[in-house]
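Colleague: Supplied in C-alpha cells, the structure appears directly below.
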Amino acid sequence: MPEVKFRVDQSRRFAEQEVLGHNRWHPDVPAAVTVRPGEEFRVECREWFDGTIYNDDSANDVRDCDISMVHQLSGPIAVEGAEPGDLLLVDILELGPVPQEQGPVAGQGWGYTGIFARENGGGFLTDHFPDAYKAVWDFHGQTATSRHLPGVSFVGIAHPGLMGTAPSAEMLARWNGREGDLIATDPSAVPPLALPPEPHNALLGSLSGAEFERVAAEAARTAPPRENGGNQDIKNLSRGSRIFYPVFVPGAKLSLGDLHFSQGDGEITFCGAIEMGGYIDLHVDLIKGGMQAYGLETPMFIPGRVEPQYSEYLAFSGLSVTESGEQRYLDSQLAYKRACLHAIDYLTKFGYTREQAYLLLGAAPIEGRLSGVVDIPNSCATVYLPVDVFDFDPRPSAQGPTRVDRGQCAVSS
C-alpha cells in the first residue's frame, strides 16, 4: 500500500481531524502535505457532507443539509518544484470506499443518492422534483443495490467527483467577478444562479485569526467546475485515468474529495452520484512549461480502461423544445433534460415512482450524449440506459410493460 499522505479518521468530523483540509478555493490556504514528482501516495477522504446523511428511510437529512459546508477536500497537497505554467500530471492508481474497520459511515459498505429540495440547491430537473428524496445503496464488491430501488443492480465506476489545483489570486478574482455579475442579473433566483463566497462553515486548513477572516471572505465555493478542474463530476475519471492539471500557484496545491461509488453522466440530481467516503491512490509528476507547450488552460484527461462492460442500452432522445411546445434554438441542455424526462416517464410504466427513476438516472452509469448540435433549430441529446442494470427485461415488446409495485425511495416529512 502506498504511504498515506493525508489521513482521515472517519469517526471524527472533518474540522476535528489532526491534519485539517478545506472546503473553499483560495491560493493562500496552506499546503497540508508535500510530495515529490514521481511519488505514489494515498489520500483518505470524507464524504462530501461529512457524515450528516444517514443510512435510514427518511430524506429529512437531505432536506435539511447545509450547502455551505461542502465540499470536504483532502489537501492542499504541494508538489515540489511545481510552478505556474506547468502541467501537473496525476495518475489515479486505485480508489475505493471506507474500509470495513473504520466505523459505520458512508462508504463503509453503503452510500447514498439524494434529490435536493428546490429551496436548498435543487437539481437538473428541480422544476419537476422540488422536494427532497433519498436512496441508500449497499455495496457488494463492485456492485451496488438499493432497498429503495428494487430490481436494480450495477457495477459502479468509482471516481473522485472533485479534484483540482489552487487558483492564483488573479484567477480567484476573475471567478468571483464573473459569478457575482451573474448573480446580480437575478439575485432572488431559486435555486440561486451561483454561490458567492460564504465565511459561514468555511474550512481553510491551518489558517486562523485575521488571516482566516480575510481568506474566508474571498474564497470561492467548490460547487462548480472551473479552469482548475474542481467539481467536474466526470464518471469516467476512474482507475487508470491520467489527468493533466494547469498549475497556477507555486506547488500546484492539489486537492480532492467527493468520492463516488458510481454516477450517471450529468449527476442530474446534484447529489446524484452514490456518495461515499474512502481512499484514492495517486501518482504525480510535472511537465515543465506544459500549459504553453500544449495550449492548455483547463484540465485534459485520458480515461482509464476499467469500466463496466454493457452491451445493450435503451437510448432516449430529447429535443430543444419545451414541454409547452416552445421552440428553442440549439439548446442542448434543454434537449438533455427532455431526454432524461422521457427516460423517467418510461420507467414509471414498470412500477417505479418518478422519484425512484430520477435517482436511478443519477446513480447508475448512464451515458449522456450531445448527439446533434448543428441541425437548426433542434439540438438532439440522448440518454443511454444499460438494459443489464435491471433484473427484468425493460425493452418494449408486443406484450407491453409489466407494472410491479416497487415501493418508494426515502421521502422527507
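The values are calculated or read from the model by the stated rules, or taken from the named source; none is laboratory data. This is a predicted model, so every value here is computed, not measured. For neighbour counting, all protein chains shown are included, and Cβ atoms are generated from backbone atoms with ideal geometry for every residue, glycine included.
Colleague: When you scan the range 205-285 for strands (runs of 3 or more DSSP E) that lie fully inside it, which ones turn up with 3 or more residues that are crowded, with 24+ Cβ neighbours inside 10 Å, assigned by TED's automatic domain parsing to the domain that holds A144 and in contact with a helix residue (DSSP H, G or I) (Cβ under 6 Å, 6 or more places away or on another chain)? Steps first, please.
Modeller: On the way: elements: 242-246, 254-260, 270-275.
No strands (runs of 3 or more DSSP E) qualify here.
Colleague: What's the number of the condition M171 fails, among (1) at pLDDT below 95; (2) in contact with a Pro (Cβ under 9 Å, 6 or more places away or on another chain); (3) more than 15 Å from D56 (Cα to Cα)?
Modeller: Looking at each condition in turn, M171 falls short on (1).
Colleague: Name the residue, out of R12, R7, R42, R36, that is in contact (Cβ under 8 Å) with a residue 60 or more places away in the chain, among the basic types (K, R), assigned by TED's automatic domain parsing to the domain that holds G277 and surrounded by fewer than 19 Cβ atoms within 10 Å (Cβ to Cβ).
Modeller: Selected residue: R42, the only one of R12, R7, R42, R36 that is in contact (Cβ under 8 Å) with a residue 60 or more places away in the chain, among the basic types (K, R), assigned by TED's automatic domain parsing to the domain that holds G277 and surrounded by fewer than 19 Cβ atoms within 10 Å (Cβ to Cβ).
Colleague: Among the residues of the range 294-320, what is the count of those that are touching a residue at least 60 places away in the same chain (Cβ under 8 Å) and either outside any loop (DSSP other than H, G, I, E, B) or out of contact with any helix residue (DSSP H, G or I) (no Cβ under 9 Å at 6 or more places or on another chain) (or both)?
Modeller: Total satisfying the criteria: 17.
Colleague: Here's something else I'd like to know. Can you tell me which residues in the range 129-145 are surrounded by fewer than 24 Cβ atoms within 10 Å (Cβ to Cβ), within 20 Å of the chain's Cα centre (by Cα) and under 13 Å from S262 (Cβ atoms)?
Modeller: Within the range 129-145, D138, F139, Q142, T143, T145 qualify.
Colleague: With respect to P191, determine if the residue is surrounded by fewer than 15 Cβ atoms within 10 Å (Cβ to Cβ) and not hydrophobic (A, V, I, L, M, F, W, C).
Modeller: The answer is no for P191.
Colleague: If you don't mind, there's one more thing I want to ask. Within the range 338-383, restricting attention to residues that are among the β-branched types (V, I, T) and either part of a helix (DSSP H, G or I) or under 23 Å from the mean Cα position of the chain (by Cα) (or both), which residue is surrounded by the fewest Cβ atoms within 10 Å (Cβ to Cβ)?
Modeller: Filtering the range 338-383 for residues that are among the β-branched types (V, I, T) and either part of a helix (DSSP H, G or I) or under 23 Å from the mean Cα position of the chain (by Cα) (or both), the one surrounded by the fewest Cβ atoms within 10 Å (Cβ to Cβ) comes out as T348.
Colleague: Of everything in the range 144-188, what is in contact with a strand residue (DSSP E or B) (Cβ under 6 Å, 6 or more places away or on another chain) and among the polar types (S, T, N, Q)? Give them in sequence order.
Modeller: The answer is T145, S146, S153, T165.
Colleague: Condition check: over 19 Å from the mean Cα position of the chain (by Cα) and at pLDDT below 95. Does V190 satisfy that? Talk me through it step by step, then tell me what you get.
Modeller: Working: over 19 Å from the mean Cα position of the chain (by Cα): yes; at pLDDT below 95: yes.
Judged against the criteria, V190 is a match.
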